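Structure first, then comments.
The values are calculated or read from the model by the stated rules, or taken from the named source; none is laboratory data. Worth saying up front: this structure is predicted, and the values here are computed from it rather than measured. Positions of Cβ are backbone-derived with ideal geometry, glycine not excepted, and every protein chain shown enters the neighbour counts.
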Amino acid sequence: MVKNLFLLFNICCAISCQKSNFNLEHRKSLFLNLLEEAQPDEGPFKFSYGLETIYFSEKIISLYGELHQYTNLPHGCGNYEGKTYVKQNGKYKELMINDLFPNYNEIEQLCTYCESDLKTQKTSYFFPPDPLKTHLKHDELNTFVIDENFLIIIFQPYVAGSYADGPFTVKIPHVYIHKHWKTASNYTSNI
């Protein structure tokens, strides 16, 4: 019974890994509920979350977080979180990928750019000659950060490669963004 709960919990983690807006408090609650059902000899159990500043200026704050949990299966699971805030009218507003790439064609161009880059990463699912994956879905691009030189797309575990080999990222230079994407350029010009 408990082993089935662990399996179910980690399957849920893998599914939620593909969603960038995970709720940390909810995940902690799930972890604690899991412990209530577990036996002491089934440990150790670990749950950790780290958050770091990637970029900080008067106009933009970009943060990167990692959630890791281990529940006594062959390996742990986790999520990556990117939170970027832009100061507008004296207040910070969270920047979403759709703010940067608001229409279908732009997000499709972003997918193509990321797919091309991932084809060069030897441990990614996109690496030739026999790729496991050839196309990204729009909702797989939701986790990102911005630093002084790049927009960095961060792929959740199992989107672009295995959890053990990740996180997989694609760095898009701001210079490239300014030439190809007008809306994204409006935000990244603040850097």
query = In this structure, does Leu73 turn out to be surrounded by fewer than 18 Cβ atoms within 10 Å (Cβ to Cβ) and touching a residue at least 40 places away in the same chain (Cβ under 8 Å)?
reply = yes
query = Among (1) in contact with a Pro (Cβ under 8 Å, 6 or more places away or on another chain); (2) part of a loop (DSSP other than H, G, I, E, B), which single condition is Tyr80 missing?
reply = (2)
inquiry  = Go through (1) of a type outside the set (Asp, Glu); (2) within 15 Å of the chain's Cα centre (by Cα); (3) modelled with pLDDT under 85 for Leu35 and report which single condition fails.
reply    = (2)
query = Which of (1) of a type in the set (Gly, Ala, Ser); (2) surrounded by 13 or more Cβ atoms within 10 Å (Cβ to Cβ); (3) at pLDDT 80 or above is the odd one out, the single condition Ser48 does not satisfy?
reply = (2)
ask   = What single numbered condition from (1) under 23 Å from Asn79 (Cβ atoms); (2) at pLDDT below 95; (3) basic (Lys, Arg) fails to hold for Lys137?
value = (2)
key: Scope region 111-165; condition aliphatic (A, V, I, L, M) and under 24 Å from Asp99 (Cα atoms); matching residues   = Leu118, Leu136, Leu141, Val145, Ile146, Leu151, Ile152, Ile153, Ile154, Val159, Ala160
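So if I check each of Gly43, Gly65, which one is of a type in the set (Gly, Ala, Ser) and buried (at least 17 other Cβ atoms within 10 Å of the Cβ)? Please lay out each step first, then the result.
On the way: Gly43 fails: buried (at least 17 other Cβ atoms within 10 Å of the Cβ).
Selected residue: Gly65, the only one of Gly43, Gly65 that is of a type in the set (Gly, Ala, Ser) and buried (at least 17 other Cβ atoms within 10 Å of the Cβ).
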inquiry  = Here's a check for you: in region 161-191, which residue that is small (Gly, Ala, Ser) and farther than 30 Å from Cys77 by Cβ is modelled with the highest pLDDT?
reply    = Ala184
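Within region 140-160, can you find the residues that are more than 20 Å from Ser62 (Cα to Cα) and at pLDDT 95 or above?
Within region 140-160, the subset more than 20 Å from Ser62 (Cα to Cα) is 157-160.
Hits for region 140-160 are Val159, Ala160.
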request  = Evaluate the following for His68: is it in a loop (DSSP other than H, G, I, E, B), at pLDDT below 95 and under 30 Å from Glu37 (Cα atoms)?
outcome  = no
query = How many residues does region 84-109 contain that are within 18 Å of the chain's Cα centre (by Cα) and touching a residue at least 40 places away in the same chain (Cβ under 8 Å)?
reply = 7
